[in-house]
Amino acid sequence: MRYDELAELGQQLRVDAVRAAQAAGSGHPTSSMSAADLGAVLLAHHLRYDFARPAHPGNDRLILSKGHASPLLYALYRAAGVVDEEELLTFRRQGSRLEGHPTPRLPWVDVATGSLGQGLPVGVGMALAGKRLDRLPYRVWVLCGDSELAEGSVWEAVEHAGHEHLDNLTMIVDVNRLGQRGPTRLGWDLDTYAARLAAFGWHTVTVDGHDVAAVDAAYREATTARRRPTAVLARTRKGRGVAAVEDAEGRHGKPLPDAERAIEELGGVRSVQVGVALPVGSRPEETPKAAQVDWPRYELGEEVATRAAFGDALAALGSERDDVVVLDGEVGDSTKAGVFQEAHPDRYFECYIAEQQLVAAAVGMRARGHTPFAATFAAFLTRAHDFVRMAAVSGLGVQLCGSHAGVAIGEDGPSQMGLEDLAMMRAVHGSTVLHPCDAHQTAYLVRTMADLPGIGYLRTCRAPMPVLYGPGEQFPVGGCKTLRSGPDDKVTVIGAGTTVHEALRAADSLAVAGIAVRVIDLYSVKPVDEVALRTAAEETGCLLTVEDHRPEGGLGDAVAAVFADGRPQPRLVRLAVRTMPGSATLKEQLRTAGIDAEAIAAAVMLLTERAVTP
């Protein structure tokens, strides 16, 4: 397109943004209007994308990080000929693909956006995939707003992209000066933005975002930068082209006050179609998979930490499947994800102590067709919860491992203890939450996780624990294992991870006292084995859950939910970590928290009215 035609296309995008918001009675047209020229030049001159084949491995990726500007994205799709006039005006209506913030209900949207500060971190993951996994020349374009540059996650991404020399990544920043409630921190100070980005190794270009020739030149410059990501910092005006709202405060997130007049001021409705350039390159041939993989095996009774089994299983899985990649938060020697690095260094990604970027990179890689496992301490995944939540909105299967769970880590103290992670992960839509208690169980579940459709979470423990199961045992998601049972059981004790072993010890001591108890290993915390739990409730009448976790949202709540449908409820007692731990040995921690074998046995004695009182 000639530059005058590009300017006209920019006006068309503005008009369509106004129309879409007007039809919905809500939306963010002014935020779309500021970036319209940036979008027009990108679509017409630089994006390489086959809209008929959104899964084409060579397609460029476009992430609208400022997801509230979705009317602009949908206007771009109309200009590309894949969204028609009728669908454009269904914006924000129930059942429409054109949601208030973009989601992969549209085949050309890779990841859901709208939670600000996520687009660039996810884009870094895609760019890493392009460089190190796909080895294809596609470029990742991320359109950000200036307000979201206040998010710490953006700067985790900026630092990581610079460190990795991601010259296939371009961040376009729509610097329109105005946020939701007023001016941004830096306003139109492009020099300060540029200096900050340059300090992290970025190439920067400052430009008038409404000068289509200058924008075109800036994008060309971005594609020629070597060993550095590029940031195009574009000065724009919010509500550009309509005098009543241009650069005006108080207009964020609202349709224009007089849409018809605004459309007339912008030159009226247009229907320009853009022939988008097709991608180049295709995925290289896959490396042949190993003919046979030896999975880890352990001896019954051998002391093995589940975190160690996780590392062994990951390495074996990597030999079995070349789509598996592993991301680490600089704790691979502790989580044992580093075992994968030794076996498959080309598919191991060190994200350092930046948990938001860790999970975001996994999301980006999953969107490019890889199967990522991201591992760090369970306690530190809390920092990345918003990325987990949005990955679920995107419908992407990202597998997470949280190690060093619970008070059982011992002397490190409460800052390192994952005590809320089960609740956090159970609350994620479509998630699977697993908490193994032995090495073979861990290995089996790692293999299973690779095929989960949604978010998977594996909780592993620091301390060695006895191997309970043989290598041929199966552990389906949604199942459990009954380790002790008999016709005279008075109570069912339900544990997971560390507390399974404490429950077995308690069962042995109670048997000496003549009290029979059933012991269930509830390794699948979400979904749970409802049939087994209901059977246990019917046959023993009383359930005792024991968890190395806070009482809210964990194992106890998962069990209680089974009986929340109006059926007769069993007596349900919960042992959990209710105090604030300090530093102590593993045994001292379990005893102080009231979740060790002695505490379990005492609770059972009380429940069966066999407690000895002074």
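Do we find that Leu543 is touching a Leu at 6+ places or on another chain (Cβ under 8 Å), surrounded by 14 or more Cβ atoms within 10 Å (Cβ to Cβ), over 22 Å from Pro414 (Cβ atoms) and at pLDDT 95 or above in this structure?
Values: touching a Leu at 6+ places or on another chain (Cβ under 8 Å): yes; surrounded by 14 or more Cβ atoms within 10 Å (Cβ to Cβ): yes; over 22 Å from Pro414 (Cβ atoms): yes; at pLDDT 95 or above: yes.
So Leu543 fits the description; yes.
Can we say Val83 is at pLDDT 95 or above, hydrophobic (A, V, I, L, M, F, W, C) and either surrounded by fewer than 18 Cβ atoms within 10 Å (Cβ to Cβ) or under 25 Å from the mean Cα position of the chain (by Cα) (or both)?
On the way: at pLDDT 95 or above: yes; hydrophobic (A, V, I, L, M, F, W, C): yes; either surrounded by fewer than 18 Cβ atoms within 10 Å (Cβ to Cβ) or under 25 Å from the mean Cα position of the chain (by Cα) (or both): no.
No; evaluated as a whole, the condition is false for this residue.
Collect the residues in the stretch 419-462 that are among the small types (Gly, Ala, Ser) and in contact (Cβ under 8 Å) with a residue 60 or more places away in the chain, keeping them in residue-number order.
Those that are among the small types (Gly, Ala, Ser) and in contact (Cβ under 8 Å) with a residue 60 or more places away in the chain: Ala423, Ala427, Ser431, Ala439, Ala443, Ala450, Gly454.
Suppose the filter is in contact with a helix residue (DSSP H, G or I) (Cβ under 7 Å, 6 or more places away or on another chain) and either surrounded by fewer than 22 Cβ atoms within 10 Å (Cβ to Cβ) or modelled with pLDDT of 95 or more (or both); does Gly472 pass it?
no
Since Cys144 meets every condition but one in (1) in a helix (DSSP H, G or I); (2) out of contact with any His (no Cβ under 9 Å at 6 or more places or on another chain); (3) crowded, with 20+ Cβ neighbours inside 10 Å, which condition does it not meet?
Just one mismatch for Cys144, condition (1).
Within the stretch 370-382, identify whether any single residue is out of contact with any strand residue (DSSP E or B) (no Cβ under 9 Å at 6 or more places or on another chain) and either outside the structural domain of Ala450 (by TED's automatic domain parsing) or at negative phi (or both), and answer yes or no.
No; the residues of the stretch 370-382 include none that is out of contact with any strand residue (DSSP E or B) (no Cβ under 9 Å at 6 or more places or on another chain) and either outside the structural domain of Ala450 (by TED's automatic domain parsing) or at negative phi (or both).
What residue, of Arg228, Arg240, is more than 27 Å from the chain's Cα centre (by Cα) and assigned to a loop (DSSP other than H, G, I, E, B)?
Of Arg228, Arg240, the one residue that is more than 27 Å from the chain's Cα centre (by Cα) and assigned to a loop (DSSP other than H, G, I, E, B) is Arg240.
Please count how many residues of the stretch 560-603 are among the hydrophobic types (A, V, I, L, M, F, W, C), in contact with a helix residue (DSSP H, G or I) (Cβ under 6 Å, 6 or more places away or on another chain) and part of a helix (DSSP H, G or I).
Total meeting the criteria: 6.
Among the residues of the stretch 284-309, write down those that are modelled with pLDDT under 65 and in contact with a helix residue (DSSP H, G or I) (Cβ under 6 Å, 6 or more places away or on another chain).
Scanning the stretch 284-309 gives a single hit, Ala290.
For the stretch 371-405, which positions are within 19 Å of Phe310 (Cβ to Cβ) and assigned to a loop (DSSP other than H, G, I, E, B)? Quick ask: steps written out before the conclusion?
The initial filter retains those residues of the stretch 371-405 that are within 19 Å of Phe310 (Cβ to Cβ), namely 371-381, 384, 388, 397-405.
Listed by number, the residues that qualify are Gly397, Val398, His404.
I'm told Asp488 meets every condition in (1) more than 27 Å from the chain's Cα centre (by Cα); (2) surrounded by fewer than 20 Cβ atoms within 10 Å (Cβ to Cβ); (3) charged (D, E, K, R); (4) not in a loop (DSSP other than H, G, I, E, B) except one. Can you identify the failing condition by its number?
(4)
Under 6 Å between Cβ atoms, at least 6 apart or on separate chains: pull out the pairs that start in the stretch 500-521 with a residue that is under 21 Å from Asp438 (Cα atoms) and end on any residue that is part of a strand (DSSP E or B) and of a type in the set (Asp, Glu).
These pairs meet every condition: Val500/Asp521.
Can you find a residue that is out of contact with any Lys or Arg (no Cβ under 9 Å at 6 or more places or on another chain) and of a type in the set (A, V, I, L, M) anywhere in the stretch 414-427?
Step one: filter the stretch 414-427 for residues out of contact with any Lys or Arg (no Cβ under 9 Å at 6 or more places or on another chain), giving 414-417, 424.
If we keep only those that are of a type in the set (A, V, I, L, M) as well, we get 417, 424.
Looking through the stretch 414-427, at least one residue is out of contact with any Lys or Arg (no Cβ under 9 Å at 6 or more places or on another chain) and of a type in the set (A, V, I, L, M).
If I filter the stretch 435-442 for residues that are part of a loop (DSSP other than H, G, I, E, B) and surrounded by fewer than 22 Cβ atoms within 10 Å (Cβ to Cβ), do I get at least one hit?
There is no residue in the stretch 435-442 that is part of a loop (DSSP other than H, G, I, E, B) and surrounded by fewer than 22 Cβ atoms within 10 Å (Cβ to Cβ).
Which is more than 13 Å from Glu156 (Cβ to Cβ), of a type outside the set (A, V, I, L, M, F, W, C) and either assigned to a helix (DSSP H, G or I) or touching a residue at least 40 places away in the same chain (Cβ under 8 Å) (or both), of Gln356, Gln341? So that I can check it myself, show each step before the final result.
Working: Gln356 fails: more than 13 Å from Glu156 (Cβ to Cβ).
Criteria check complete, one pass: Gln341.
Quick grid of which residues meet (1) in a strand (DSSP E or B); (2) free of Cβ contacts under 8 Å to residues at least 40 places away in the same chain; (3) buried (at least 24 other Cβ atoms within 10 Å of the Cβ):
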site: Thr113; (1), (2), (3): no, no, yes
site: Ala127; (1), (2), (3): no, no, yes
site: Lys131; (1), (2), (3): no, yes, no
site: Leu136; (1), (2), (3): no, no, no
site: Asp174; (1), (2), (3): yes, no, yes
site: Gln180; (1), (2), (3): no, no, no
site: Leu186; (1), (2), (3): no, no, no
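The values are calculated or read from the model by the stated rules, or taken from the named source; none is laboratory data. In this text the structure is predicted, and so the values were computed from the model without any measurement. Quick reminder, even Gly has a Cβ in these numbers, built from the backbone with ideal geometry, and neighbours come from all protein chains shown.
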